[in-house]
Amino acid sequence: MSAITMRELTKVYPGGVRALDALDLEIADGEFFALLGPSGCGKTTLLRTIAGLEVASGGSVRIGERDVTGLPPGKRDVAMVFQDYALFPHMTVRDNIAYPLRIKKVDRRTRGGKAADTAEELGLSGLLERRPGQLSGGQQQRVALARAMACHPQVFLLDEPLSNLDARLRLEARTFLKRLQRELGVTTVFVTHDQAEALALADRIAVMEGGRIRQVGTPTEVFRRPANTFVAGFIGSTPMNLIDARVHGGELAVGPARLPLPDDSHGQVTDGERLVYGIRPEYLDYSPTAVPGALTGEVVVVENLGSVSLVSLDVPADDTGPADAGSPAGDAGRTSVQVVVPEGAEPEPGDTGWVVPRPGRSLLYRDGTLVTATATAEVPAPRAGAAVRS
Amino acid sequence: MTTDTAPVPTTEPTRPTVAVRHLLAQIGRYTFLCAILGFFALPLLWLATAPFDDTPTVTASLPRFTLDNFRALLDNPYALSSLLNSVYLAAGTAALVVTFAALAAYALSRVRVPGRDALLYGLLLLSSIVTGTATMVPLFELAFRLNLIDSRLGVILILSGGLLPAAIFILKDFMDSTPTSYEESARVFGASPLQIMRHIVVPLVRPGLATVGVWAVANVWGNFLVPFLLLRGPDKAPAAVIMYTLYTEGGQADLRLLSTFSLLYSLPVALMFVFVSSRYGFRFHGGIKR
Ligand SMILES: Nc1ncnc2c1ncn2[C@@H]1O[C@H](COP(=O)(O)OP(=O)(O)OP(=O)(O)O)[C@@H](O)[C@H]1O
Ligand SMILES: [Mg+2]
């Protein structure tokens, strides 16, 4: 059980791909930590570099008090669960789970017993003599976890542990994984490209893009206050609305609409400044009747998401500025705004609707970075109390 | 409707001729297959009957049953021991080839070396020359300088050298098709490269190892030239060489001894093939059966 500290960690693959770019990250002791990001952003590379399967091109990795940057994987006291689980197909479940102990020269009988104990904890007792090929996906995943647990490592590394399971099983396994990590209290880093999974499981999340970390924070922080427009667009089951806006007399102008400035941007913006207004579709209220000053437009698409519907409106927007002068000055552009509408209140495509932001839920981005009350920091670290505003 | 019925009258008269043509084609195909089959079956038939015939000829015929031929063969001082010599040579070569080919194929499959494929194809090309007739003189010379004339080790080394490239080539395909995550997983648990080889790689490519082993044994078993040139006395000669000495005083091939010996000579390899094939599955390509 140890903290993991990475300093200026860089990995350049032969061929010149810079998969990790001077990355700094601290993962606390006992934390359940998620690495989240789009495909190819370097999540697996980071995990493999912590494990020692990739040799860092620069920087350092520390696990607990030890600098492990130059150590081979076997000496780092970590256990890794691979995306394909990598269960040895020629060994029984028992032998698979006992394999780390076999390497440690534990005698056959003792390790067989320990494997059986671990299997019991994970509900695999009846399967000890089977081969991995005779197990379901969920069982295979638990055998892989059991094998990782059997060597009592300081750190668990899980590469997309749930992505090989079907949707229903994934939910079950998610809960199971979270409980297991709580009980064991071992520092765990897991990779995922599913933001819902990261939000549900992790104590803290690092959102990555192009080998860099764009934001680190608790699920609440990352969800409520994305530090930049990349994270804002990535987190959330429906991406945040990011609308071009202009500061105008203490309000935000989006085309003809006038929206209140977010609370903590007061005094941070100057009149006439162009910014990006961010609000989640969940935090917009739809109204079929006119509301003065609200965003308004024609309903284009209605997507049924089960208990709610996602409605897209075509809204006249502020002109996107002289930089991309595709349209003559003064001619307002149009933008799409998405809003979540509860069951029973869905409009029809072609209707005209008004949307009103809920107070305290909107954010402002200047040059892609969040505008906050305390200057503009790349990674804001509001305390738990400050994060829950409303 | 009219377009549906239109083609029917035109196909109706041709249907019997199509059937006849089909039948003729079938007859032709089976006749051809029978001819081929006979071509291969007759020698085997001879092998099955001649040893038990008291006056065998070069044709296969219903034998007048006797076991005298086997008794005569037992009287030959070198016949049985030569089979044992063959076993020594084949087992030694197969062990060397399987061990070294596995190590080399693993390394070649996992390590990126520039020009690796060119190296492999080059070796494969050259290997057919190494144990071929063309290099017999330099090989003899080499064995002479290394003091390996009339030594089983010499024969084993030279045969292994000839078989290794193709064996590496076959095994590399097996190694390539085992996912590296198995090995990486073992590495994270702290396994050494040799442990990974023993615990993970060898069991996974076992069908490949079995295939290469059988193939090496069959090759050595049938090799005449190398042991014939490198081994001096009949006491070390393998069966393939001893068979060459089974003549009557008159200088004629002794068919009674020859046929009996041939049977004893071919049985072990055939049995080994059946055993290995049923146990490990005999195949020349990689891939994991779970
Ligand atoms: N062995 C390799 N050699 C060269 N480039 C590589 C290698 N492995 C990964 N890369 C590159 O490094 C970058 C990061 O890859 P990585 O596998 O870490 O992404 P990822 O975030 O895990 O993506 P995914 O979600 O698709 O698994 C990618 O651009 C990838 O093409
Ligand atoms: Mg990955």
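Just so you know, all these numbers are worked out from the coordinates, no wet-lab data involved. Not measured: the values here are computed from a predicted model. Here the Cβ is made from the backbone with ideal geometry for all residues, glycine too, and neighbour counts use every protein chain on show.
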For chain B, build the convex hull from the C-alpha positions and give me its volume per residue in Å³. 267
Regarding region A:1-65, what whole-number volume in Å³ per residue does the convex hull of its Cα atoms give? 81
Counting only Cα, what are the radius of gyration and maximum Cα-Cα distance Dmax of region B:41-169, in Å? 21.2, 65
For region A:4-230, share of DSSP beta bridges that run antiparallel, in % to the nearest 5: 50
If each K or R counts +1 and each D or E counts -1, the residues other than residue B:84 whose Cβ falls under 13 Å of its Cβ total +1
Ignoring the sites themselves, what is the longest stretch of chain A with no GluC sites (Glu not before Pro) in a DSSP loop and at most 15 other beta-carbon atoms within 10 Å? A:130-272
Quick one: in region A:4-230, what % of C-alpha pairs are over 30 Å apart? 24
Expressed in angstrom and rounded, the centroid-to-centroid distance over alpha carbons for region B:209-276 and region A:49-121 is 50
Any chymotrypsin sites (Phe, Trp or Tyr not before Pro) in region B:182-266 that lie in a DSSP loop and have at most 16 other Cβ atoms within 10 Å would be B:224
Extend 7 Å from the Cα of residue A:26 along its Cα-to-C-beta direction; within region A:49-90, residues with backbone N under 18 Å of that point are A:60-68
Summing -39500 (n - 2.57) over every DSSP H run of at least 4 residues in the protein assembly as shown and dividing by its residue count gives a helix-only mean residue ellipticity at 222 nm, to the nearest 500 deg cm²/dmol, of -13500 deg cm²/dmol
Residue separation between residue B:80 and residue B:125 times 0.36 nm, minus their alpha-carbon distance, gives in nm 12.6 nm
Using the basic label-point model (7 angstrom from Cα toward the beta carbon), what is the residue A:55 to residue A:345 distance in nanometres? 6.1
Please list, by residue number, everything in region B:105-141 whose backbone N is under 18 Å from a paramagnetic label point 7 Å out along Cα→Cβ of residue B:225. B:124-141
For the protein assembly as shown, what size does the Cα cloud have along each of its three principal axes, sorted from largest down, in whole Å? 124, 88, 52
Given R₀ = 30 Å, what would the calculated FRET efficiency be for residue B:70 paired with residue B:22, taking r from the Cβ atoms and rounding to 0.05? 0.05
At a temperature of 20 °C and a viscosity of 1.002 mPa s, determine how fast region A:239-367 diffuses translationally according to Stokes-Einstein, using the Kirkwood radius over alpha-carbon pairs as Rh; express D in µm²/s, rounded to the nearest whole number. 143
Principal axis extents for region B:101-244, Cα atoms only, whole Å, descending order, please. 55, 31, 24
Positive-pole candidate from B:189, B:142, B:103, dipole of region B:73-207, charges at beta carbon: B:189
Taking chain A, the whole-percent share of alpha-carbon pairs separated by over 39 angstrom is 31
Between region A:204-263 and region B:22-36, the alpha-carbon center distance in angstrom: 77
Straight distance only, please: which lysines reach the Cα of residue A:114 with their own Cα at less than 22 Å, same-chain residues fewer than 8 apart left out? A:75, A:104, A:105
Neighbours of residue A:181 by Cβ distance under 14 Å: Lys/Arg at +1, Asp/Glu at -1, summed charge 0
Shape box of region B:162-290 [Cα atoms, principal axes, largest first, Å]: 71, 30, 20
